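The values are calculated or read from the model by the stated rules, or taken from the named source; none is laboratory data. It should be emphasised that the depicted structure is a prediction, and the values quoted were computed from it without experimental measurement. Heads up, the Cβs are rebuilt from the backbone with ideal geometry, glycines too, and the neighbour counts pull from every protein chain shown.
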Amino acid sequence: MTGHISLEGLEFHAFHGVYPHERESGNWFEVDIAVDTDFTEAARHDELSGTVNYETLYRIVKEEMERPSRLLETVVYNIINDIMRELPAVSKAEVRLSKVNPPIGGKCKKASIHVIHQRS
């Protein structure tokens, strides 16, 4: 039984951005993350070891959000690579990273990067 596990609306204050003021004062970011995995054994035996632990997904995202990067693309790339490396049971990972109120010279609620990666 393949399923979709997701964490939605994770919020972080982080220091990602091209401009010096973004890297100094930071900004708010939102992350949505979802993975596909087979959790037949977890469901059958009611055991966490047969599925993907939400806390592990959160830790992976949190650790990457704590490392300043210039580009959101880099942050998402690193999150997906860490998921695929640490969680071999994951067949597909999807990450949406949004910068709240990005400095674009006008009103904008969010600027987002959305990546879907399928294990080959």
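Exactly one condition in (1) among the aliphatic types (A, V, I, L, M); (2) at pLDDT 95 or above; (3) under 25 Å from His4 (Cα atoms) is false for Leu71; which is it? Failing condition for Leu71: (3). For segment 7-25, a residue qualifies if it is at pLDDT 95 or above, surrounded by 14 or more Cβ atoms within 10 Å (Cβ to Cβ) and either charged (D, E, K, R) or part of a strand (DSSP E or B) (or both), and the qualifying residues are Leu7, Leu10, Phe12, Ala14. Output the residue which, of all residues in segment 34-56 that are closer than 17 Å to Thr2 by Cβ and touching a residue at least 40 places away in the same chain (Cβ under 8 Å), is surrounded by the most Cβ atoms within 10 Å (Cβ to Cβ). Selected residue: Val35. The lone criterion from (1) in a strand (DSSP E or B); (2) of a type outside the set (Lys, Arg); (3) under 16 Å from Ile113 (Cβ atoms); (4) touching a helix residue (DSSP H, G or I) at 6+ places or on another chain (Cβ under 7 Å) left unmet by Asp32 is number (4). Looking at Arg70, is it surrounded by fewer than 18 Cβ atoms within 10 Å (Cβ to Cβ), assigned to a helix (DSSP H, G or I), of a type in the set (Lys, Arg) and in contact with a Gly (Cβ under 9 Å, 6 or more places away or on another chain)? It is false that Arg70 is surrounded by fewer than 18 Cβ atoms within 10 Å (Cβ to Cβ), assigned to a helix (DSSP H, G or I), of a type in the set (Lys, Arg) and in contact with a Gly (Cβ under 9 Å, 6 or more places away or on another chain). Within segment 80-120, restricting attention to residues that are in contact (Cβ under 8 Å) with a residue 60 or more places away in the chain and over 14 Å from Asp32 (Cβ atoms), the residue that is surrounded by the most Cβ atoms within 10 Å (Cβ to Cβ) is Pro102.
Taken together, the criteria place Thr74 among residues that are under 18 Å from the mean Cα position of the chain (by Cα) and of a type in the set (S, T, N, Q).
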